[in-house]
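A short write-up of the structure that comes next.
The values are calculated or read from the model by the stated rules, or taken from the named source; none is laboratory data. Remember, it's a predicted structure, so these values are computed and weren't measured experimentally. Heads up, the Cβs are rebuilt from the backbone with ideal geometry, glycines too, and the neighbour counts pull from every protein chain shown. Just so you know, the surface numbers come from the protein's heavy atoms only, side chains and all, with ligands and any DNA or RNA stripped out. Shrake-Rupley method; radii C 1.70, N 1.55, O 1.52, S 1.80 Å.
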Amino acid sequence: MTENEITYEIRGAIYNVYKNLGPGLLESVYEEAMVYELQKRGLKVERQKEVPIVYDGHVLQTGMRLDLLVEGKVIVELKSVQEMRAVFWKQTLTYLRLLKLRVGVLVNFNVDNILDDAIFRIANQL
């Protein structure tokens, strides 16, 4: 599957999870539901994938983990926050750069309407 096809399925999964659970739950609840929804769609999902950080040829033991990696190609970062902050975009873009991936999806489930500025596609300019 291409990144575009994967992100299409991710968006559909986000809509279904939001429709069934609504806003205001912990990120871990949305993560569990998203894994189920994506796997139900036949997609391979890695949860809490470690992001290796190499500095000066040395692998740092940071424990950095991204929320979901779908089909080994698209990062999904889940939030359930009152306000989206610039650091969330920067973090997702940094994960993309470190893993040499092109596309990520950042979503905030703590909104009144998931269709209104809650799902963001982030592209890494490789």
Please give me the summed charge of the neighbours of Arg65: other residues whose Cβ is under 12 Å from its Cβ, Lys and Arg +1, Asp and Glu -1. -3
With springs only between Cα atoms under 10 Å, which of Gly72, Gly22, Gly63 fluctuates most in a Gaussian network model of the chain? Gly63
Note on the range 1-79: contact order normalised by length, alpha-carbon pairs under 8 Å, 6 or more apart, percent, works out to 28 percent
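What size of dipole, in debye to the nearest 20, comes out for the chain about its Cα centre when the only charges are +1 on Lys and Arg C-beta atoms and -1 on Asp and Glu C-beta atoms?
Once rounded to the nearest 20, the dipole reads 300 debye.
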Filtered trypsin sites (Lys or Arg not before Pro), the range 79-111: DSSP coil and at most 15 other beta carbons within 10 Å: Arg85, Lys100, Arg102
Alpha carbon centre of the range 73-92 versus the range 1-69: separation in Å? 11 Å
Determine the order of Phe88, Phe109 by accessible area, beginning with the largest, at a probe radius of 1.4 Å. Phe88, Phe109
Give the cross-link partners of Lys49 among the lysines, using a straight C-alpha distance below 22 Å as the criterion and excluding same-chain residues fewer than 8 apart. Lys40, Lys73, Lys79, Lys90, Lys100
Computed lengthening from Ala86 to Asn113, 0.36 nm per intervening residue step minus Cα-Cα distance: 7.7 nm
Specify, per residue and in Å³, the volume enclosed by the convex hull of the alpha carbon atoms belonging to the range 2-63. 120 Å³
